[in-house]
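Novice: Have a look at this one.
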Amino acid sequence: MPQPPPAEPGMREEEVDTPALLLDLDAFEHNLDSMAALIAPHGVKLRAHAKTHKSPVIALQQMRRGAIGQCVQKVAEAEVLAWGGVPDVMVTNQVWGARKLARLAALARICRVSVCADDAAQVAAIEEAAAAAGVRIPVLVEVDVGAGRCGVPPGPPAVALAARIAASRHLEFGGLQAYQGSAQHIRSPQGRAAAIGAAADMARRTVEQLRQQGLPCPVVGGAGTGTFGLEAASGVYTELQAGSYAFMDADYARNEEAPPFRHALFVLATVMSAAQERIAVVDAGHKALPTDSGLPLVWQRPGVAYAGASDEHGKLVAEDPALRPRLGEKLRLVPGHCDPTVDRFDWYVGVRQGRVECLWPVAARGAMA
């Protein structure tokens with residue numbers, strides 16, 4: 001059941017009930033503006049990834065700054081965005097199952113919706129759903145450019161699948177999905193550059209082989225917050241799919257030459273126990289903060305570290321007893337991984353200069369189908 005909002009506009013930040021998902025609006029807007037400015041000289045387009053924010057409100061703010069549409073990973077996320085007024089949504093994933101594909105095809109009546117495939121059987125299933133709905137769906141061929149997850153090999157296998165799509169009366173060949181996800185958190189800039197250089201070469205060769213077969217490739221999509229500048233400068237990518245840049249989590253900040261964005265997303269927590277000399281316990285543990293990408297950072301509290309979590313407790317350790325947070329104190333925590341953090345909350349609490357300005361629903365929370 002959705003929870004009631006933890007705050008009201010006009011409240012001071014320290015009055016917000018916790019744990020709460022806090023969005024620093026000044027930092028957030030700076031990030032959106034910065035991304036638009038950074039990619040503009042390269043002539044590439046931003047198709048921001050909504051698996052990060054799960055919010056039509058945020059999607060439309062990105063599009064007002066030049067994004068051409070949104071990416072999602074699930075049909076349910078696409079539905080929330082389409083119903084929320086987003087006109088162009090790409091499912092950067094494979095969709096399998098008649099019910100899911102029927103839902104996807106139904107969306108094609110209210111927005112432009114596209115999807116990825118890496119198997120001829122998937123293409124046939126999408127084709128059947130599109131025919132039944134009386135719509136035409138763009139399908140991109142996902143190419144494995146080094147992540148070792150989904151995708152056909154580059155070159156002839158990708159060309160063959162593209163030809164199958166292009167031959168359909170109910171589908172159109174939408175281009176290539178060439179996302180190198182495993183490169184995003186390679187710490188060294190040299191390592192990231194090598195991985196994306198290899199991915200771009202594979203995509204470039206495949207585009208040329210498509211051209212030789214008379215198949216134009218309108219889109220080459222990929223890129224993430226950790227590498228978007230490399231794809232933008234590659235001369236082969238046409239759409240960038242970064243998402244975390246809007247919030248900038250702690251793990252991206254650990255990259256050498258980290259992405260040039262500000263921390264905008266926080267979990268606001270309250271010190272609920274301070275019974276030990278150097279230890280304080282906050283009300284945000286595993287259920288509020290995923291730790292798959294490391295522990296959160298305690299914002300602007302030098303000498304205080306988030307040392308461990310249990311279900312409902314986060315243990316803070318101070319280097320010196322004098323630095324220990326006091327009972328009842330509210331602290332901002334920078335999550336290690338913003339995407340699953342957002343999915344734990346029903347509301348964004350937008351704050352500006354210490355005051356609550358807005359409340360936005362995390363409309364696609366739990367949208368896994």
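Novice: If I filter the range 202-218 for residues that are modelled with pLDDT of 95 or more and either outside the structural domain of Gly174 (by TED's automatic domain parsing) or over 19 Å from Val141 (Cα atoms) (or both), do I get at least one hit?
Specialist: no
Novice: Under 8 Å between Cβ atoms, at least 6 apart or on separate chains: pull out the pairs that start in the range 36-61 with a residue that is in the same structural domain as Val86 (by TED's automatic domain parsing) and closer than 15 Å to Lys74 by Cα and end on any residue that is surrounded by fewer than 22 Cβ atoms within 10 Å (Cβ to Cβ) and acidic (Asp, Glu).
Specialist: So the pair list comes out as Lys51/Asp339; Thr52/Asp339; Lys54/Asp343.
Novice: Turning to a different aspect of this structure: Do we find a residue being assigned to a loop (DSSP other than H, G, I, E, B), under 30 Å from Glu172 (Cβ atoms) and either outside the structural domain of Ser55 (by TED's automatic domain parsing) or out of contact with any helix residue (DSSP H, G or I) (no Cβ under 6 Å at 6 or more places or on another chain) (or both) anywhere in the range 249-266?
Specialist: No, the range 249-266 has no match at all.
Novice: Among the residues of the range 136-150, write down those that are surrounded by fewer than 23 Cβ atoms within 10 Å (Cβ to Cβ) and within 17 Å of Thr92 (Cβ to Cβ).
Specialist: Hits for the range 136-150 are Pro138, Asp144, Gly146, Ala147, Gly148, Arg149, Cys150.
Novice: Checking the structure you have, find out if any residue of the range 132-141 is in a helix (DSSP H, G or I) and either more than 15 Å from Gln209 (Cβ to Cβ) or free of Cβ contacts under 8 Å to residues at least 24 places away in the same chain (or both).
Specialist: Yes: the range 132-141 contains one or more residues that are in a helix (DSSP H, G or I) and either more than 15 Å from Gln209 (Cβ to Cβ) or free of Cβ contacts under 8 Å to residues at least 24 places away in the same chain (or both).
Novice: Can you tell me which residue is nearest to the chain's Cα centre (by Cα) among those in the range 230-289 that are charged (D, E, K, R) and farther than 18 Å from Ile196 by Cα?
Specialist: Taking the candidates together, the pick is Asp249.
Novice: Oh, and also: Which of the residues spanning the range 131-157 are touching a strand residue (DSSP E or B) at 6+ places or on another chain (Cβ under 8 Å) and over 14 Å from Val113 (Cβ atoms)?
Specialist: Val141, Glu142, Val143, Asp144, Val145, Cys150, Gly151, Val152, Pro153, Pro154
Novice: Suppose the filter is touching a His at 6+ places or on another chain (Cβ under 8 Å), part of a helix (DSSP H, G or I) and not hydroxyl-bearing (Ser, Thr, Tyr); does Ala27 pass it?
Specialist: So Ala27 passes the test.
Novice: Here's another thing I want to ask about it. Scan Ala163, Ala194 and give me the residue that is under 25 Å from the mean Cα position of the chain (by Cα) and assigned by TED's automatic domain parsing to the domain that holds Gln94.
Specialist: After ruling out the rest, the residue left standing is Ala194.
Novice: Has the range 111-118 got at least one residue that is touching a Gly at 6+ places or on another chain (Cβ under 6 Å), farther than 27 Å from Ala27 by Cβ and not in a helix (DSSP H, G or I)?
Specialist: yes
Novice: Search the range 151-178 for residues being of a type in the set (A, V, I, L, M) and in a loop (DSSP other than H, G, I, E, B), and hand back the single one that is surrounded by the fewest Cβ atoms within 10 Å (Cβ to Cβ).
Specialist: This residue is Ala167.
The values are calculated or read from the model by the stated rules, or taken from the named source; none is laboratory data. Keep in mind the model is a prediction, meaning the values are calculated, not measured. With ideal geometry, Cβ positions are generated from the backbone for all residues, glycine too; neighbour counts draw on all protein chains shown.
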